[in-house]
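Read-outs: derived from the displayed coordinates by stated rules, not from any lab. Remember, predicted model here, so these are calculated numbers, not experimental data. Don't worry about glycine lacking a Cβ; one is built from the backbone with ideal geometry, like all the others, and counts go over all protein chains shown.
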Amino acid sequence: MVQSKKERYGFLAFCLLPTFILFLIFTIYPLFSGMYYSFFEMSGSSSNKEFVGLANYVKLLNDEIFPHTIWHDYFLVITKVIGIMILATFFAVALTQLRIKEAPFYRIVFFFPNIMSIVVIGILWMFIFNPDLGLINSGLEALGLEDWTKAWLGDPDTALSALVLPSVWAGIGLFMLMLMGGILTIPKSFYEAATVDGANGWQQFWKVTVPLVWPQIKNSILYIVITTLNGSFIIVQVMTEGGPDNSTQVMGSYLYQQAFQRNNFGYGATIGVAILILSLITVLLLQKFMKREKIQY
Amino acid sequence: METRRVKDAAKQAGIRIPLILWSIAVLFPIVWMFLGSFKSNAEIYASPWGLPETWNFSNYAVAWFDYGLGTSAFNSIVVTVGGTLLTVVLAVPTSYALERIRFKGSTIMYNLYLSAMMIPLVLGWIPLFFLLLNINLLDNLFGLILVYAMSQIPFSVFILTGFMSTIPADLEEAAAIDGMSQYRMLFTVITPLSMTGIITISIMNAINFWNEYFMALIFLQSSEKYTLALAVDFMKNEAQYTNAWGTLFAGLVIAIVPVIIAYAIFQRRITKGMTEGAVKG
């Protein structure tokens, strides 16, 4: 290709610079600036800030609510990983290993909640949990279990667990498809050989399917963990706003309330730094923990 | 033989029943929402589960006019179309350069974009709030379009570079020998050949922007700027006092129908795009 250095750099700049400059301004700068804000006391506007050193971090360590928000986040992470992975794996195996005529129907239906707005999902599930009209209480009454009915989202003992259901409901489809993609690449002959060796369905699942789709399982778990730590506050904000009595407060919703509702922007940024650190540590640990030798048969 | 048949039937049922139950669990709330949107409030209380007695659209009229969902729907369309187009304009040249031109730092830049997919951006929203405030783009649909586009650049670059890597290099060589400039090559050769990828990211991004809630909550303030997600959330807060559930159901339907239509048309592309995006996410 005949082209001068100047032309070459001109074209590269044309392709890369506008996007990269906007990326620096709207993604990278805010991240570092957020860390910087965490050393300031800011009320109302960015011009009104006073350097306070580590005071926000000291406040965070002594904050009685914050440890609960961390626990709530990890509770959601753990229950979502377990709930989604068990159901998604079951459905993925069922739809790939067994001949089911209507498999495409299930695939299309199960995936749909993945592209619904969290606002719609949250409001829909608020109805399902509604004490008077909701499906859950009506269902319990229909079964003659009136004693079990309660205000699921209004009771601090059940509110957080109640948030797990919509998250699992909305998440299954995507991970089922990811696992199905993995299972479909396993040659049929592996299962035939396992059958000849006398392995039953359950043994085949653990000895053939799981090791061979481990990359997909690992990616799915990582993705659930990341999206939960980075985004669990959205469904919390829609459904409970962290209540009742902070029983569903997660780190992100706490940040939102401190920063944008109470104008404690510096303290909010400190919570944000904690979220950043915790989620990076979690992801690194998980990656290390889930590393397995690549299996080849 | 007989026991074997029974065993097989039991196995079949053991697998079918959970599949059917989960289908009901997914579809029932959605159908319930559609039915509820045609019911009066009295009817919702009297028979929350049943079919509506008459199909009346008054809930839709109230939601559209009294709650301003008409304006919000318009805002959502502006933000969705604007954000989607801007993302394409910004992502296509970058993806091409990162995928096809060797230059120093190209891997670093690519990894920088990718790592932004994994980092919690919520910390950045505080400074972003002040940044938008200072450049007069807070409570502004164009400001939200910019923020949205930038939030989807990493995903879009990731998917597009994947698509562009499958375009044969001979095409570019042939075009270069014909004396075509790189600019023309990008617009007249590469862009049309990447159309599948561009359409995929556009559908994914459009659904994302249409559904987005939290950034809109932070960066928009006045109700006439609300997108549908915010307007429906606002209706929900009101409904806790007014009990206007039928209207709220109508609002939810208005918010979800475009997504259902998109899914009906582009089901394959959407599932493929999302699973690929999640692999690296």
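Inter-label distance, residue B:65 to residue B:8: 6.3 nm, where each label sits 7 Å from its Cα along the C-beta direction. Across the range B:235-247, rounded Karplus estimates of 3J(HN,Hα) from the backbone phi angles (6.51 cos²θ - 1.76 cosθ + 1.60, θ = phi - 60°) give 4, 4, 5, 5, 4, 5, 9, 8, 6, 7, 5, x, 5 Hz, Gly and Pro being marked x. Taking trypsin sites (Lys or Arg not before Pro) in DSSP loop conformation with at most 14 other Cβ atoms inside 10 Å as exposed sites, chain A has its longest uninterrupted site-free stretch at A:102-261.
Computed from the C-beta positions of residue B:102 and residue A:218 and an R0 of 35 Å, the FRET efficiency is 0.65 to the nearest 0.05. Of the two radii for the protein assembly as shown, the radius of gyration is 0.98 times the Kirkwood radius, both from the alpha carbons; that is the Rg over Rh value.
On the beta carbon distance between residue B:77 and residue A:192, with R0 = 41 Å, the FRET formula returns roughly 0.15. The long axis of helix B:141-164 is offset from the longest Cα principal axis of chain B by roughly 60 degrees.
Output the Kirkwood hydrodynamic radius of the range A:91-145, Cα pairs only, in Å rounded to one decimal. Averaging 1/r across every pair of different Cα atoms and inverting gives 13.7 Å. Across B:121, B:90, B:230, mean-square fluctuation computed from a Gaussian network of chain B (C-alpha pairs under 10 Å connected) peaks at B:121. Here the 3J(HN,Hα) profile of the range A:162-176, calculated from phi with Karplus coefficients 6.51, -1.76 and 1.60 at θ = phi - 60°, is 5, 6, 5, 3, x, 5, 5, 3, 7, x, 3, x, 4, 6, 4 Hz, Gly and Pro shown as x. Taking only the C-alpha atoms of the range B:10-161, Rg followed by Dmax gives 23.5, 69 Å. Taking the convex hull of the alpha carbon positions in the range A:49-289 and averaging its projected area over all directions gives 16.9 nm². Rounded, prolate or oblate, given the Cα gyration tensor of chain B, with a/c below 1.5 counting as rounded? It is oblate, given that a/c is not under 1.5 and a/b is not larger than b/c. Dipole check for the range A:2-126: with +1 at the C-beta of Lys and Arg, -1 at the C-beta of Asp and Glu, and the Cα centre as origin, the magnitude is about 740 Debye. In degrees, nearest 10, range 0 to 90: what is the angle between the Cα axis of helix B:125-134 and the longest Cα principal axis of chain B? Roughly 70 degrees, rounded to the nearest 10.
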